[in-house]
Structures are given as C-alpha cells and as structure tokens.
Amino acid sequence: MANGPKITIGQHSKAGRKARNDDSYGVLIPDPPQLETKGIAMAIADGVSSSEAAKEASESCVKTFLTDYYCTHESWAVKTSVGRVLTSINSWLYGQGQTQYLSDRGMVSTFSGLVLKAAAAHVFHAGDSRIYLLRDGAIEPLTADHRARVSRDSEYLSRAFGIGPNLDVDYSRRPVLAGDVLVFTTDGVHDFISDGDIAANILATPDDLDGAARTIVAAAFESGSPDNLTCQIVRVDEPGQEDRNTFYQRLSALRFPPHLEPGMTLDGYRIERELHASKRTQIYLATDTGSGEAVVLKTPSVNYEDDPVYLELFTREEWVGKLVLSPHVLKVLETPRKRNFLYYVTEHVEGQTLRQWMRDHPRPSLQEVRAIVEQIAAGLRAFHRREMIHQDLKPENILIDRRGTVKIIDFGSTRVAGLAEVSTPIVLPELLGTAGYVAPEYQLGERATNRSDIYSLGAIAYEMLTGKLPHGDGFTSARAVQRLQFTPATVHYPELPAWVAAALAKAVHRDPAQRYDALTAFVTDLSRPNPAFKPFEARPLLERNPTAFWRGLALLSLLINLVLLIQLAG
C-alpha cells in the first residue's frame with residue numbers, strides 16, 4: 001500500500017448577481033489509514049436555480065459524497081464505492097423532489113467529483129460544472145458538459161442529479177503527477193472566462209491558490225456572469241506513491257518472532273503446541289493469557305525475512321481476514337495488546353481440512369457434497385461482495401469443524417480490487433493458485449473474476465464426487481490450457497445424475513463466459529435439474545467422452561489409410 005497523497009487547496013465562492021448562492025464545494029482529507037486506502041475526495045455542485053431547493057440539492061451532493069465515500073468498504077474499488085454513494089444520492093434527491101418539492105421542479109443539482117488515490121484521479125461527473133487538469137502550463141477539461149441545444153439561442157441541462165430515478169454518470173481515470181493542478185468550476189465561471197485565462201491566473205500566483213480562486217471568480221463576474229460563481233483549486237504536492245525503501249521499511253517494522261516452543265509466551269499468548277509447519281509459515285495453538293481463550297497464531301518463516309513479496313502477502317492475509325466477516329470464513333482476531341512481532345491471530349477451529357475429510361469419505365453422498373459446497377459458496381460470497389477474489393481455493397484451504405461447519409482459510413493470495421488500484425514497488429506474482437484448482441484464465445494472462453473462484457469450487461465439487469479433477473493435473477501453462485481435455489464426471493461416476501454432471505461441467509468450463517456468473521446459480525443446479533441443460537446422452541461424443549472420440553477418430557483414419565493403400569497396391 002502506498003503513502004497517501006498530499007495537496008494544497010484554494011477556494012472562493014460568491015452569489016454574484018443572484019440573491020443566494022446555490023453552489024457547493026469541498027475537499028475531505030481523511031486520517032490514515034484511509035488516506036492510503038481511500039485517498040482524498042473533492043467535489044463541486046451547482047443547484048439548478050429553477051428549483052426552490054437548489055441549495056439543499058447541491059449541499060446534499062457534496063456533503064454526502066465526501067462523508068459516505070469513506071463509509072464504503074475499504075476493499076472496494078473507487079468506482080464501485082463512489083457509484084454506490086452517487087446512486088443513493090440521486091435516489092434521495094429524486095424522492096425528495098417527488099414528495100416535498102414537486103411544484104418547484106424538485107431537488108436538482110449538477111455534480112463533479114474526484115477521488116485522488118495512489119497517483120490517479122478518479123473523476124465522476126453529471127451536469128455542466130467542470131473539472132480541469134492544469135499540467136506544465138497547459139489546461140484541459142476532464143469533464144464534458146451535459147447540455148442539449150434546442151435552438152441557436154436555447155439549450156437545457158441534459159443530465160443532473162435528482163432529475164429521474166436512474167442516473168448516468170461519466171467516469172474516467174487519469175494518472176496524476178506531482179505539481180498537477182485540479183481546477184473545479186461552476187458554469188457561472190467557465191462560461192464567462194476562457195480556459196486559458198483560468199490557467200494564467202493560477203500560474204500567476206502559484207503559491208496563493210485562494211488568491212487565484214478569488215481572481216478567477218472576479219474576472220468572470222466582471223465579464224457579466226449573472227450566475228453564482230465558484231472556483232476550487234487543488235494542487236497535487238505528492239500523488240501518493242512511495243519509494244521501495246520506504247515501503248519495505250513499513251512492512252519490516254515488526255520483528256519476525258523467534259522459534260516458539262510449548263510453554264513460551266509471545267505478547268501475552270502462551271504457546272500450547274505446534275499445529276503445522278512449512279517452509280513458509282508456522283501455526284501454533286495458543287492461549288490468550290488475558291481472556292483464557294484458545295486461539296491460533298500464524299507466524300512467518302524467518303527464511304523470508306528479506307523478501308518484500310512474502311511480507312506483502314503475509315500482511316495482506318491478516319488485513320483481508322479482518323474485513324471478510326462470515327461464519328464460513330476463518331475469523332481473524334484483533335490483538336488486545338501491543339504487538340512486538342509479526343504474526344496474526346485467528347479463532348481456533350477444532351476439526352479437519354476438507355482434504356482429510358475427502359480421504360475419510362472417498363465416495364460421499366450427493367447430499368453431503370451439496371451441504372459442503374453450499375457453505376463454501378456462502379463464504380466465497382462474503383469475499384465477492386467486497387470485490388475480493390480468493391484465488392487459491394482448494395481442499396487444503398477449507399476447514400470443517402466438529403459440528404460440520406465449513407470455513408475458508410488462507411487469504412494470502414486474495415485479489416482485492418481496492419488494493420489493485422494502489423501502485424506499489426512490490427510486484428506480486430500473477431498466478432497464486434494451485435494447479436488442478438486454478439482457472440485457465442490465469443495462465444492466459446487474463447484478469448481474475450468471481451467466475452475464477454467458481455471454477456475452483458466446481459473443481460472441488462467434481463473431485464469430491466469422482467475422486468478426480470476435471471482437467472487432469474490442471475492448467476500448468478498456457479499450452480496446457482489448449483491441450484487438456486475436460487472429462488465429464490459421469491466417466492468416473494456413471495451413476496451420477498446427468499443434470500449434476502452438467503452443472504459441474506458448466507462450473508469448470510474452460511471459457512469464463514460459459515461458466516456460472518453467480519454462486520447461487522451453481523448451488524441451485526446441484527440441488528435440482530436445470531431444464532436448460534440438454535440430456536447428457538444427447539450431447540456429442542466429443543463432449544461426453546473426448547478420449548473415446550479421439551481414439552475413434554484415429555481408428556477411422558487408420559482404416560481409411562489401409563483401404564487407400566490396398567487400392568493403390570491393386
């Protein structure tokens with residue numbers, strides 16, 4: 001994660017020749033860690049003067065955007081977070097206009113908002129207020145006015161908040177550099193002063209942005225503007241990136257714990273025994289000496305103490321675990337005391353991995369498999385609702401407790417949309433899953449989606465029922481994606497209902513577009529026949545049994561060649 005951006009602000013607004021000022025504007029700089037994870041939000045809005053509630057409309061747009069954006073989930077991408085907020089604002093304005101202000105043409109406002117995060121400007125716009133980018137003396141608009149011309153002398157606002165129940169907002173993303181200046185204006189300003197003059201006034205007083213904003217507003221007023229006038233200037237002092245050394249120092253601020261033995265105490269956790277150890281991590285059963293609660297400590301391996309990629313993935317696992325809340329996802333606990341070492345704490349689950357369960361149940365009933373798949377799907381939905389893709393779903397990363405509750409574990413490979421927007425000096429590996437369960441699109445360099453996790457769940461369900469994987473050893477390379485053939489589940493399990501085999505085939509389809517787009521649909525199709533599926537027997541032999549098809553084709557080709565040779569010999 002990168003350091004948050006730093007900015008300098010200049011602002012000025014006046015009613016001008018109108019009796020009241022219906023413009024609203026503002027910037028919100030949050031405290032860390034939201035400064036890094038969410039960025040800085042800024043906006044301008046112009047209440048439509050034909051509405052009696054114009055000021056309330058513009059204030060609602062700006063204030064709600066600036067506050068509610070920071071209430072959205074930290075894992076969400078900026079576009080998703082702002083989209084949810086703006087949809088809510090529009091619905092509220094439209095609803096208020098239909099009830100309280102219908103006779104006064106509703107609560108309507110233009111809106112232009114921007115989120116500055118990790119050296120990128122995310123721009124959202126509806127109406128005819130504007131946002132400009134001033135860079136190296138050249139100014140360009142980042143927004144386009146939404147005006148429709150009726151005649152040579154008449155035009156109207158074609159898009160704005162509160163006009164209708166549905167809202168179409170322009171979105172764009174632009175890289176931002178240190179020294180860039182973002183300029184926000186209402187139409188009372190930019191309709192009466194040229195873009196060049198706006199830039200010239202800012203460049204004339206680069207260290208007095210408030211003065212530049214006042215000068216721009218005064219120039220528009222002197223040019224005859226009859227409207228409210230607002231200008232907000234934001235200079236980007238630091239766009240929100242950091243160098244490798246700073247980034248690495250933050251990750252390595254906590255020491256790696258020593259090798260732990262039963263009876264030792266680490267930050268108030270008494271080690272009871274080692275549960276698992278590998279070259280990458282150690283997992284211990286421990287007791288919180290403060291509460292007496294049994295917990296699990298996961299510690300990093302000292303072998304990776306100087307590996308920034310490993311550190312990033314290890315710390316991400318804790319962060320993701322604290323955000324994803326579901327009874328079917330392993331709970332990561334807050335540490336009640338000061339932490340002196342790098343580790344994290346989870347709930348203790350008494351049970352076994354799904355892999356162990358599968359060894360104990362080599363031929364489970366369809367009902368048992370459905371029950372497990374439904375719970376895994378419920379856990380995955382908790383990830384997907386927060387724009388996270390688990391990316392390493394496999395039997396070893398699924399726990400089943402003594403009451404039969406299924407929990408997803410191991411979040412180090414999780415792709416987080418919100419973090420993907422943040423530029424860091426750490427280059428993470430693109431392929432983090434396990435062959436046999438990872439979707440083919442990873443090997444083709446395509447972006448992972450929720451359908452990638454659905455593939456993994458489908459592969460697990462297939463293996464639980466048949467003891468095999470749908471594509472053999474899995475997609476280990478781009479070439480393997482083209483070479484490997486899918487084997488229908490009924491080849492390994494002839495008694496399996498054809499409609500269940502069809503559901504499995506759809507879940508693990510090579511083409512993501514042909515897979516399920518929702519976990520619920522897959523779970524439903526495992527529970528009852530989907531009439532959209534063709535009877536398995538009616539499918540081409542290539543689809544039902546590709547091995548038999550190619551063997552038959554090879555045999556036919558051989559026979560034809562023999563016949564031709566006999567004819568030539570005769």
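The values are calculated or read from the model by the stated rules, or taken from the named source; none is laboratory data. Everything numeric in this text was worked out from a predicted model, so none of it was measured. Note that we place each Cβ from the backbone using ideal geometry, even for glycine, and neighbour counts take in every protein chain shown.
There is no residue in segment 61-79 that is hydroxyl-bearing (Ser, Thr, Tyr), at pLDDT 90 or above and more than 32 Å from the chain's Cα centre (by Cα). Within segment 335-381, the set of residues being over 30 Å from Leu254 (Cβ atoms) and among the hydrophobic types (A, V, I, L, M, F, W, C) comprises Leu354, Trp357, Met358, Leu366, Val369, Ala371, Ile372, Val373, Ile376, Ala377, Ala378, Leu380. Considering (1) more than 31 Å from the chain's Cα centre (by Cα); (2) in a helix (DSSP H, G or I), the lone condition that Gly290 does not fulfil carries the number (2).
Given the criterion in the same structural domain as Gly179 (by TED's automatic domain parsing) and either within 27 Å of Ile29 (Cα to Cα) or modelled with pLDDT of 95 or more (or both), identify the matching residue among Gly211, Gly268.
On inspection, the qualifying residue turns out to be Gly211.
Every listed requirement among (1) buried (at least 22 other Cβ atoms within 10 Å of the Cβ); (2) outside any strand (DSSP E or B); (3) at pLDDT 95 or above; (4) under 36 Å from the mean Cα position of the chain (by Cα) is met by Gly179 save one, (1).
For segment 182-224, which residues satisfy the criterion of being of a type in the set (Val, Ile, Thr) and surrounded by fewer than 17 Cβ atoms within 10 Å (Cβ to Cβ)?
As a first pass, look at segment 182-224 and keep what is of a type in the set (Val, Ile, Thr): 183, 185-186, 189, 193, 198, 202, 205, 215-217.
Scanning segment 182-224 gives a single hit, Thr205.
Which one of these does Val563 not meet: (1) at pLDDT 80 or above; (2) over 17 Å from Glu441 (Cβ atoms); (3) of a type in the set (Val, Ile, Thr)? For Val563, the exception is condition (1).
Which one is nearest to the chain's Cα centre (by Cα) among residues in segment 349-392 that are under 19 Å from His276 (Cα atoms) and crowded, with 19+ Cβ neighbours inside 10 Å? Once the filter is applied, the top-ranked residue is Asp392.
Among the residues of segment 15-65, count how many are under 17 Å from Thr186 (Cβ atoms) and either of a type outside the set (Lys, Arg) or surrounded by 24 or more Cβ atoms within 10 Å (Cβ to Cβ) (or both).
Initially, segment 15-65 is screened for residues under 17 Å from Thr186 (Cβ atoms), giving 15-27, 42-51, 54-63, 65.
Narrowing further to those that are either of a type outside the set (Lys, Arg) or surrounded by 24 or more Cβ atoms within 10 Å (Cβ to Cβ) (or both): 15-16, 19, 21-27, 42-51, 54, 56-62, 65.
Total meeting the criteria: 29.
The residues listed here are Phe411, Phe383, Phe341; of these, the one that is out of contact with any helix residue (DSSP H, G or I) (no Cβ under 8 Å at 6 or more places or on another chain), of a type in the set (Phe, Trp, Tyr) and in contact (Cβ under 8 Å) with a residue 60 or more places away in the chain is Phe341. Residue pairs whose Cβ atoms lie under 8 Å apart, sitting 6 or more positions apart in sequence or on different chains, and linking a residue in segment 134-145 that is farther than 14 Å from Asn201 by Cα to a partner that is among the polar types (S, T, N, Q) and not in a strand (DSSP E or B), are Thr143/Ser129.
Going through (1) assigned to a loop (DSSP other than H, G, I, E, B); (2) without any contact (Cβ under 8 Å) to a residue 12 or more places away in the chain one by one, Pro362 falls short only on (2).
Restricting to segment 255-285, name every residue that is aliphatic (A, V, I, L, M), more than 20 Å from Thr353 (Cβ to Cβ) and outside any loop (DSSP other than H, G, I, E, B). Spell out how you get there, then give the answer.
Residues of segment 255-285 that are aliphatic (A, V, I, L, M), as a first pass: 260, 264, 266, 271, 275, 277, 283, 285.
Imposing the further condition that a residue be more than 20 Å from Thr353 (Cβ to Cβ) reduces the set to 260, 264, 266, 271.
Passing the criteria: Leu266, Ile271.
Of all residues in segment 120-152, those being over 12 Å from Val183 (Cα atoms), assigned to a loop (DSSP other than H, G, I, E, B) and under 28 Å from the mean Cα position of the chain (by Cα) number 2. Among the helices (runs of 4 or more DSSP H) confined to segment 429-518, the ones with at least 3 residues that are assigned by TED's automatic domain parsing to the domain that holds Pro395, surrounded by 20 or more Cβ atoms within 10 Å (Cβ to Cβ) and out of contact with any strand residue (DSSP E or B) (no Cβ under 8 Å at 6 or more places or on another chain) are located at 450-466, 498-507.
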